[in-house]
Each structure stands twice: as structure tokens, then as C-alpha cells.
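Below is one structure, written out as C-alpha cells; comments come after it.
The values are calculated or read from the model by the stated rules, or taken from the named source; none is laboratory data. Computed from a predicted structure; not experimentally measured. Reconstructed Cβ throughout: ideal geometry from the backbone, glycine too, with neighbour counts over all protein chains shown. To get the accessible areas, we keep the full protein, side chains included, count just its heavy atoms, and leave off ligands, DNA and RNA. Shrake-Rupley method; radii C 1.70, N 1.55, O 1.52, S 1.80 Å.
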Amino acid sequence: MKNNGIASDNRPEPGAAQPCDEPGVGESELSESANPVGLLERVLARDNLQRALKRVRQNKGAPGIDGMTVEELPVYLKQHWLEIRAQLVAGVYRPKPVLRVEIPKADGKTRPLGIPTAVDRFIQQAIAQVVSAQWEPHFHRHSYGFRPERSAHQAVREIQKQVRDSYRWVVDMDLEAFFDRVNHDRLMNRLQRHVPDRALLRLINTYLKAGVRIDTLTVPTTQGVPQGGPLSPVPANVVLDELDWELERRGHRFARYADDCNIVVKSRRAGERLMLSLTHWIDKTLRLTVNERKSAVDRPWNRKFLGFTLSRGDARLKVSEPSLAKLKNRIRDLTRRTRGRRLIDIIAELRTALLGWKAYFGIAEVLSPLREIDKWIRRRLRCYQWKQWGSAGYRELRKRGVTVREAWNTSKSAHGPWRLSKTPALNLALPAKTFSNMRLPSLCVTR
């Protein structure tokens, strides 16, 4: 890798700066006494740092409290990594507080997000890679979040499989403000089971307690794991791994993705008993709280899991109503009639958004809601184009084969663009084929 602050295998010319093992560090500058041992050494190893920098640059993200962008990170590391590494080895490195921002949720509320500085994001990523590798062989097979070769799709499929196997009730558990309430002492005690390196554990602890910058005020963090950094998913899995094995010990079938967990049972009564006992266990053992307002014992088709639900009869995968509503809000934003851009440009933006959405939700098996959204999108585009045509609407309709009578009645109608977008004239002038030729994706086409 060249010009990114991480050295390649090529040796420098005599007298040149030595970027050998890590960003800005030469082999000769690592004395035996300064050389880290154990897992911290793996964190600071050249190949691990190279992977970490590559991942951070791929993920991009907003700057932290120091304003440094990810694009500026490689140059900064070339100049300062020797000093940073020495501090990490000596155990005196102090991360900067994360920047608190609020991101909107589907229900109109907001979720706090903590943005580390670019440097801390890089170090966190390097730590996360090593800690994850240590814990990975010990995680439960039904834990699917933030693990190699595992995905949300697998978690959803697991629940679908169990529902089809006569487990027709689900215990849908929501942990209240999970990432904000993780107990640091319990987390560190559990982490050390498979991370037997005090230096690395101390470094992780400094990140947990680095604080949060809210406006101009820095607030200390005595509990919780700020969402937004590369390190936060690892402690989440370590904490909830205990829940996984408790469910295993009790003989339950479940799937968990981060703090989203569905447990399937065969009757409402069994589900209610489990909800009661598990709520008590989570409170006493994990020192966390089950959100009673969002948790429930119900039929799977009445609940959503990772954006999906199941059909009532044959348990086919279906996009949940909140996920569809969120998609429609995004489409409304892109197809606002006041944007003043060409239709082809609007469709190009829609294409990017729809293909991204479809990459995740494309495994849905119930397609009728997606067909309706396809129709609705085309109607939004007809509405947009009619507004763009303005006074030229009559001529544009005639050019596209609409009869004189239909073109005249439509262009002189007192109805607004949305009402007219459903008329035969607009459907004839702008048929579905027109939009497909402009590369508008269809959500209901699976291939």
C-alpha cells in the first residue's frame, strides 16, 4: 500500500524516512524494551494496521471533535504515528472524546451517535480486528451481528425456519438504551476471558471512558458504549454473548443480531413465562433493562425483525410496514416537484437509492407490496414530469401519441399534478417502459 501512512514491504533508500512496521515507524526505532507483547503487539502489527486503515478509509464517515477527515488521516499518521505508537506501548495514550450527534429514527425520534476522531477510529478498528478474532470461536452460532461471514439475512432466515418448524410464537425483546447502559466493570471482566492482555484491556477501558462532547461540554462516560465507532459492536457481542448461552442452556431457539433478539416458542403461555423470567435475569445478571413498551409476546407476522416480518400462513419473508414507510419517505424526498431537475437526473438518483435498498430487502418473498410501490414510484415520476412540462403539457402529450381530446382535457384540467398523474393520458405518454428504458429499477423483479 503506498502513500497511506502504512508501510509496504519495500525497503526505503539509504537515508530515507523509514515507514517500516507501522505508520511512520522504523524497525530500528523499536528497542526490545519498547516492543509490545501479547495481543497489543498484534494490534500494532503492520498487517493489522494496514487492514484497519483500509477499512476506515472505505467506511469514510464524518470528522470527530478535531475536524480531521478520513482523507487527511494517512498524511497525519506519517507525521505522528511514531509518537502515538510510543504512547500506546507505554500505556499513556488518551483518546479524545467522541462527538455526539443525533440521527433520526423511523419513529420520528433520534438516536445518539458518537463520532470518534479519525485517529481514534483507526486505532479502534485495529483493536476490534484483534479482539473479534479472539472471541469469534467462542460466540454462539445464533449470534449474527458484526461477525465474519454472518449477516442479518441469516438471522431472519433462522427465525423463518423455526416458525415453519411449528414455533409459531415469538418473544420479541428490546433492551432499553442498550448501548448507553452497558456496565463497564462487567464488560471488562468478561472481555478478559479471551483477551488475556492487561495492556490491551487498559487501552479498551480508556476508550470506554473517553467521554462525550455535547456542543462545547465534555461529559464523562461511566457506563455505555457510544454507537458510531468501530469498537462498539465488539463489546455489544461480548456482553450479549452471555444472554445467548443462557438461552442455549434453557433449550430455546433464537436469533440475535446485535441488540435485536427474537426467541421462538410454541405457545403464548410459554412465551409469557420466558419473557417474565428473562426480564428478571437480564436485570440481575446483565444489569440491563428490557423495554416493556417495545417488547412483546406475539405471532411472528405481527412483529418485525431486522426490517422484515413473515406472512401469516406459509411464513414467507415480507418487508415490514415501517421499512416500506421509510422507503416511501426517501422517494418522496427525491421526487419533490420543486426540485427543478431533469427527469433523467431524478431517475439516476432514484436508481442509486432503490438498488441500495434492494440489495438488503431483495430477499423478500411477498412481492405484492413491492409491486404497489413500483406503481406508486411511476406515478410520482409522471407527476414530476407533468409539473416540469408546465404550459407545454398539451404539446408533450400530443408528441407521445395522446389524442387531441385527451391531451386537451388533461392540459386544461383544474386538477393538480398528482390527480392528473393517474389519468389515461399521462399513463399513455409515460408508460412503464419509458421508465425502464431510463434504467429505473423495479423492486418486485427478483432477477
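Here are some notes:
- Over the chain, relative contact order from alpha-carbon pairs under 8 Å, at least 6 apart, %: 13
- Förster radius 45 Å - calculated FRET efficiency between Lys399 and Lys326 (Cβ-Cβ, nearest 0.05): 0.75
- The angle between the Cα long axis of helix 268-281 and the main principal axis of the chain comes to about 40°, on a 0 to 90 degree scale.
- Label point 7 Å beyond Cα of Glu248 along Cβ direction - residues of region 182-198 with amide nitrogen under 11 Å: none
- Under the simplified labelling scheme, the Arg273-Thr289 pair shows an inter-label distance of 2.9 nm, with each label point 7 Å from Cα along Cα→Cβ.
- For the chain: accessible area per residue (Å², 1.4 Å): 52
- Against the main long axis of the alpha-carbon atoms of the chain, helix 198-208 sits at an angle near 40°.
- Taking other residues whose beta carbon is less than 14 angstrom from the beta carbon of Ser391, and scoring Lys, Arg as +1 and Asp, Glu as -1, yields +3.
- Here the chain has 48 percent of its accessible surface on carbon and sulfur atoms, given a 1.4 Å probe and all protein chains in place.
- Model label points for Arg339 and Ser368, set 7 angstrom from Cα along the Cα-to-Cβ axis, are 3.1 nm apart.
- Both radii are taken from the alpha-carbon atoms of the chain; with Rh as the Kirkwood radius, Rg/Rh is 1.06.
- Distance (nanometres) between label positions extended 7 Å along Cα→Cβ at Ala414 and Lys209: 7.3
- DSSP beta bridges fully contained in the chain are about 90 percent antiparallel.
- Estimated FRET transfer efficiency (His280, Arg164; beta-carbon r; R0 35 Å; 0.05): 0.70
- Mean sequence separation of contacting Cα pairs (under 8 Å, at least six apart), scaled by the length of region 319-438, corresponds to a relative contact order of 27 percent.
- Spin-label zone in region 384-406 - amide nitrogen under 19 Å from a point set 7 Å from the Cα of Lys433 along the C-beta vector: 397-403
- Orientation-averaged projected area, Cα convex hull of region 319-438 (nm²): 7.7
- The count of lysine pairs in region 319-438 with alpha-carbon distances below 23 Å, taking only pairs 8 or more places apart or on different chains, stands at 21.
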